[in-house]
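Bear in mind these aren't lab numbers, they're just calculated from the coordinates by the rules spelled out. Note that the coordinates shown come from a computational prediction; the quantities given were computed from them, not determined experimentally. Neighbour counts run over all protein chains shown; Cβ positions are idealised from the backbone, glycine included.
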Amino acid sequence: MHEPQPETVQIHINGKSVRVATGSTVAVALTLTEQACRISVRHEERGPLCAMGICMECRVTIDGVPSRLACQTLCQPNMDVRTHG
Ligand code: FES
């Protein structure tokens, strides 16, 4: 007996294809692929911290728009995510 497969969505993070469950945030995709969102002024990797749109640590460029919050953005098909921007 086959279990129903969850629907997935494919996005691109720094040019690499990543498939996550539909309804996942970009922060989830970044965490699953162990990628930092950005580099701080002290050259430290930064990633999602609060996951509720307050800390601003999860800023990435999405479809060419900088400083989007990964934790507040749902993955959409073929979304282009750029980190370290
Ligand atoms: S993780 Fe804090 S604003 Fe996104």
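Looking for something free of Cβ contacts under 8 Å to residues at least 60 places away in the same chain, over 18 Å from VAL18 (Cα atoms), among the acidic types (Asp, Glu) and assigned to a loop (DSSP other than H, G, I, E, B) - is there at least one such residue anywhere in region 60-79?
No, region 60-79 has no match at all.
So is THR31 assigned to a helix (DSSP H, G or I) and β-branched (Val, Ile, Thr) or not? Let's see the steps before the verdict.
Details: assigned to a helix (DSSP H, G or I): yes; β-branched (Val, Ile, Thr): yes.
Yes, satisfied.
Does any residue of region 45-54 turn out to be surrounded by 17 or more Cβ atoms within 10 Å (Cβ to Cβ) and either outside any loop (DSSP other than H, G, I, E, B) or more than 10 Å from the ligand (Cβ to nearest atom) (or both)?
Filtering region 45-54 down to residues surrounded by 17 or more Cβ atoms within 10 Å (Cβ to Cβ) leaves 46-48, 51.
If we keep only those that are either outside any loop (DSSP other than H, G, I, E, B) or more than 10 Å from the ligand (Cβ to nearest atom) (or both) as well, we get 46.
Yes - at least one qualifying residue is present in region 45-54.
Can you find a residue in region 7-14 that is part of a loop (DSSP other than H, G, I, E, B) and in contact with a Lys or Arg (Cβ under 9 Å, 6 or more places away or on another chain)?
Yes.
Taking region 20-40 as the search range and keeping residues that are among the β-branched types (Val, Ile, Thr) and in contact with an Asp or Glu (Cβ under 7 Å, 6 or more places away or on another chain), which one is farthest from CYS58 (Cα to Cα)?
THR22
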